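Heads up: the structure comes next, in structure tokens.
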Amino acid sequence: MTKITKICCIGAGYVGGPTMAVVAKQCPDIKVTIVDLNEARIAAWNDPDVNNIPVYEPGLSEVVAEARGRNLFFSTDVDQAIEEAEMIFISVNTPTKTYGAGKGMGADLKWIELCARQIARVSKTDKIIVEKSTLPVRTAEAVRDILQSTGSGVKFQVLSNPEFLAEGTAVEDLLSPDRVLIGGDSTEDGQEAIQALVDIYAQWIPRERILTTNVWSSELSKLVANAYLAQRISSINAISELCEKTEADINEVSRAIGTDSRIGPKFLKASVGFGGSCFQKDILNLVYISRSFGLPEVADYWEQVIIMNDHQKKRFALNIVRSLYNTVSGKKIAFLGWAFKKDTNDTRESAAIYVADELLNEQAEIKVYDPKVTDVQIYGDLDYLGSRQPEVNSRGVSVFDDPYEACKDAHAIAVLTEWDEFKDYDWQRIYDNMLKPAKVFDGRNLLDAEKLRTIGFKVQSIGVKY
């Protein structure tokens, strides 16, 4: 097969942007064009000041600065990019359905289908289509059906190349991944398409880390990997509640079981709950698929991971209410952090959204500070829940650029994101400006609880009896 020289990526979000930027950096001989219909997003990617790009990831602005204008381009002209590309990555949003069959569990694939139809309409030469979005099993089959029904004579090969990025370390994950997974057909053309993508990644990734499978194994492996990681978080969070009722300390329990080489320490950090775009969505897809194949026990098992996660967020919020004398009406609660984890501005499924929703239902006043998340995003996250009128959200939530102002006159502080900077604040200054008794609810076990208690704070940490 001819060497790939032009790549198009449809979707300039948290996956498409960083992934293609790194591909462009590592493969300067390949022209990479990222397209999106969102003009404001593309304008932000093209901002002369690379610090203003729309996705915050450590090291990403440097990667974009190196490749942009050389062989990395951002555009809203989707048709032109599709037409000239030899390989097209689909990296659009695949949210959980909010309507119809599969509501609340199945993935909404309308954007994937629209991409496939646009590719079919525009293409005049053979293309390799690469699924990069998080997708349920057998999506490639649907994409292939659409592409092969055009009657244009153009040949398409569909590959699955799921992302295994973690927000906050995406650039590092792309430059030195544990593995790259590529699924394709066993036909001669399918194997050639797989090799074309292997050759791109092999320019900087050792060949032994590039795994090839059939399409279905690749798609399912993505869901299962995230389900296993999320299961560990929900498991340790279940134990955290038991620790709070006994003399056990969740940090000591996590350390003890994490030293078992069969278990390992990763994803054993108790918290207010997991968030992000993939864990919940992928588990719900797994549940939906299992139910559709008549496997209720399998579905119930994995659904319990979501139930436990929802429980952890809800009990954190209700614990704040109980600790503030069973009412937070009119009381000011300062949120430190809104992103679902540190080192990202991604807020999808962030625990902070759901904790805020519970407290707003109790008529609390929420004061938010996050170093990378804008007020527009925070209000949008609450409006997306649809649990109250937007004007109620904006009245009940205030967003601050200064953490000390956010905490001023607050009855309590809730730590919702594990930003490192929170540990270095002048906590004496914060204490002096809060209403007393000043309470801290550490949803990430981030802060030095004993140090805060010495100042005068009343501190409650996840998984520790108080």
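The values are calculated or read from the model by the stated rules, or taken from the named source; none is laboratory data. All values reported here derive from a predicted model rather than from experimental measurement. In this analysis, Cβ positions are derived from the backbone assuming ideal geometry, glycine residues included, and neighbour counts consider all displayed protein chains.
Within region 111-146, the residues that satisfy the criterion of being surrounded by 17 or more Cβ atoms within 10 Å (Cβ to Cβ), at pLDDT 80 or above and under 25 Å from the mean Cα position of the chain (by Cα) are Cys115, Ala116, Ile129, Val130, Glu131, Lys132, Val143.
I need a count of the residues in region 198-241 that are outside any helix (DSSP H, G or I) and buried (at least 17 other Cβ atoms within 10 Å of the Cβ). Quick ask: steps written out before the conclusion?
Taking region 198-241 as the starting set, the residues that turn out to be outside any helix (DSSP H, G or I) are 202-206, 210-214.
Okay, now just the ones that are also buried (at least 17 other Cβ atoms within 10 Å of the Cβ), so 205, 210, 212.
Residues flagged as outside any helix (DSSP H, G or I) and buried (at least 17 other Cβ atoms within 10 Å of the Cβ) within region 198-241 amount to 3.
Looking across region 243-278 at every residue that is of a type in the set (A, V, I, L, M, F, W, C) and in a loop (DSSP other than H, G, I, E, B), the one that is modelled with the lowest pLDDT is identified as Cys278.
Is it the case that Leu284 is among the hydrophobic types (A, V, I, L, M, F, W, C) and under 18 Å from Leu165 (Cβ atoms)? Step through it out loud before you land on a result.
Working: among the hydrophobic types (A, V, I, L, M, F, W, C): yes; under 18 Å from Leu165 (Cβ atoms): no.
Taking the combined requirement at face value, the residue does not satisfy it.
Among the conditions (1) in contact with a helix residue (DSSP H, G or I) (Cβ under 7 Å, 6 or more places away or on another chain); (2) in contact (Cβ under 8 Å) with a residue 60 or more places away in the chain; (3) of a type in the set (D, E, K, R), the only one that Arg179 does not satisfy is (2).
Out of region 51-71, which residues are within 22 Å of the chain's Cα centre (by Cα) and either of a type in the set (Val, Ile, Thr) or in a loop (DSSP other than H, G, I, E, B) (or both)? Answer for region 51-71, where residues must be within 22 Å of the chain's Cα centre (by Cα) and either of a type in the set (Val, Ile, Thr) or in a loop (DSSP other than H, G, I, E, B) (or both): Ile53, Pro54, Val55, Tyr56, Glu57, Pro58, Gly59, Val63, Val64. Within region 413-459, the residues that satisfy the criterion of being of a type in the set (S, T, N, Q) and in contact (Cβ under 8 Å) with a residue 24 or more places away in the chain are Thr417, Gln428, Asn433, Asn445.
Hey, can you tell me all the residues within region 390-401 that are of a type in the set (Val, Ile, Thr) and buried (at least 18 other Cβ atoms within 10 Å of the Cβ)? Lay out the reasoning, then the answer.
From region 390-401, those of a type in the set (Val, Ile, Thr) are 392, 397, 399; that's our starting set.
Correct list: Val397, Val399.
Looking at Val355, is it out of contact with any Ser or Thr (no Cβ under 6 Å at 6 or more places or on another chain) and part of a helix (DSSP H, G or I)? Taking the combined requirement at face value, the residue satisfies it.
So, in region 292-320, exactly how many residues are among the basic types (Lys, Arg) and touching a residue at least 60 places away in the same chain (Cβ under 8 Å)? Full working, then the answer.
Quick first cut of region 292-320, residues among the basic types (Lys, Arg) only: 313-315.
Retained after the next criterion (residues that are touching a residue at least 60 places away in the same chain (Cβ under 8 Å)): 315.
Looking only at that region, the number is 1.
Determine whether Ser271 is closer than 12 Å to Val355 by Cβ, polar (S, T, N, Q) and out of contact with any Leu (no Cβ under 8 Å at 6 or more places or on another chain). Taking the combined requirement at face value, the residue satisfies it.
Evaluate region 181-191: report whether one residue or more is part of a loop (DSSP other than H, G, I, E, B), at pLDDT below 95 and exposed (fewer than 15 other Cβ atoms within 10 Å of the Cβ). The answer is yes; a qualifying residue exists.
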